[in-house]
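Presented below is the structure to which this report refers.
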Amino acid sequence: MSEVSALGAMVRRHDPDRFLTALFAPPAAREALFVLYAFNHELARAREVASEPMLALIRLQWWREVVEGTRRRHEVAGPLGEALDSGALEAADLLGMIEGREVETEASVPTMGAFRDYVLATAGGLAAAAGRVLGADAAGRARLRALGGGYGVAGVLRARFVLARQERCLLPEDFLGGQGLSIDMARARPEQVDVAGLVAIGRMMLAEGRGFYRRDVIAAALPAVLARRDLGRQDGGGALADEARGLGDRLAVVAGYLFSRV
């Protein structure tokens, strides 16, 4: 695609994985995916740009009000409101994603169960919402949520060194405690964390959603192709969140589309 909208360009800059996979969606649905992915980026930024957790909660509440009907002039909120008004996006899907992001304002993710809930609500909820845009039924959206959760696990592992530099950590506190580590220790020396248990959880989520998808829905599932490759790299320390995708990753996505399988 030689030209994209302003929102498409935003997604390409800030979420290149999902920009790539959105290109495999039917053209008529692509812009709605860009709106959805740009909204997700704004939610992710809420904690990144806030100097304290309360300010992040205020930003999330601002977006909650948009989803609930307050229309605002903003490069993402404007198109988001239009997509909600037209029925292209469902408010319930987006509200679940906002609620999931509230975990990021806490001092830590306390348990493995809370971590699973977090990735399934955020990246999982995003994948399910993308599936709705593309016409997936309820069963298909449930599978997509699992795939998205796996992508979320891989994303946390990819980002853990970047987060550590920001004095943040999204790894479960009880998981770290089982290795004799505290949240502070994991932030200071993230390379000391044995992430094999989290890799296994990510792979289980991907396995729950794995299989064939209709060609018109596959774009919502394709990020799982990248997640599977990222989880496979963790034994060697893992790729960082700011590392560019290589040719092998892009070809794997193309293969997933051609075979309608993730």
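Key figures for this structure:
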read-out: Failed condition for LEU176, given (1) at positive phi; (2) without any contact (Cβ under 8 Å) to a residue 24 or more places away in the chain; value: (1)
read-out: Extreme residue, modelled with the highest pLDDT, among residues of segment 1-27 that are more than 20 Å from ALA221 (Cβ to Cβ) and of a type in the set (S, T, N, Q); value: SER5
read-out: In segment 6-59, residue surrounded by the fewest Cβ atoms within 10 Å (Cβ to Cβ) [restricted to those that are in contact with a Leu (Cβ under 8 Å, 6 or more places away or on another chain) and not in a helix (DSSP H, G or I)]; value: PRO26
read-out: Any chance VAL162 is closer than 30 Å to ILE218 by Cβ, touching a residue at least 12 places away in the same chain (Cβ under 8 Å) and surrounded by fewer than 19 Cβ atoms within 10 Å (Cβ to Cβ); value: yes
read-out: Residue satisfying condition, being modelled with pLDDT of 95 or more, within 27 Å of VAL162 (Cβ to Cβ) and of a type in the set (Lys, Arg), within set ARG30, ARG47, ARG59; value: ARG59
read-out: Scan of segment 82-108 for residues that are among the hydrophobic types (A, V, I, L, M, F, W, C) and surrounded by fewer than 19 Cβ atoms within 10 Å (Cβ to Cβ), ordered by number; value: ALA88, ALA91, ALA92, LEU95, ALA107
read-out: Subset tally (residues that are among the charged types (D, E, K, R) and part of a helix (DSSP H, G or I)) for segment 206-230; value: 4
read-out: Any hit, segment 199-208, residues being among the small types (Gly, Ala, Ser), within 26 Å of LEU33 (Cβ to Cβ) and either surrounded by 15 or more Cβ atoms within 10 Å (Cβ to Cβ) or in contact with a strand residue (DSSP E or B) (Cβ under 6 Å, 6 or more places away or on another chain) (or both); value: yes
read-out: Test: GLY113 is at pLDDT 95 or above, of a type in the set (Gly, Ala, Ser), surrounded by fewer than 17 Cβ atoms within 10 Å (Cβ to Cβ) and touching a Pro at 6+ places or on another chain (Cβ under 9 Å); value: yes
read-out: Answer residue from segment 98-123, given it is under 24 Å from LEU33 (Cα atoms) and of a type in the set (A, V, I, L, M) and is farthest from the chain's Cα centre (by Cα) among those; value: ILE98
read-out: Flag if GLU3 is outside any helix (DSSP H, G or I) and either out of contact with any Gly (no Cβ under 6 Å at 6 or more places or on another chain) or not hydroxyl-bearing (Ser, Thr, Tyr) (or both); value: yes
read-out: Unique match (being of a type in the set (Gly, Ala, Ser) and within 21 Å of LEU171 (Cβ to Cβ)) among SER108, SER86; value: SER108
read-out: The one condition in (1) modelled with pLDDT under 95; (2) crowded, with 20+ Cβ neighbours inside 10 Å that GLU167 fails to fulfil; value: (2)
read-out: Options VAL225, VAL119, VAL153: the member that is at pLDDT 95 or above, among the hydrophobic types (A, V, I, L, M, F, W, C) and over 26 Å from THR105 (Cα atoms); value: VAL225
read-out: Of all residues making up segment 60-97, the number that are closer than 24 Å to SER5 by Cβ, within 19 Å of the chain's Cα centre (by Cα) and of a type outside the set (A, V, I, L, M); value: 3
read-out: Within segment 174-225, considering residues that are small (Gly, Ala, Ser) and in contact with a Phe, Trp or Tyr (Cβ under 7 Å, 6 or more places away or on another chain), the one farthest from ASP17 (Cα to Cα); value: GLY197
read-out: Residues (modelled with pLDDT of 95 or more, among the basic types (Lys, Arg) and in a helix (DSSP H, G or I)) located in segment 231-262; value: ARG250
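The values are calculated or read from the model by the stated rules, or taken from the named source; none is laboratory data. Quick caveat, the model's predicted, so the values are computed rather than measured. Cβ coordinates were reconstructed from backbone atoms using ideal geometry, including for glycine residues, and neighbour counts include every protein chain displayed.
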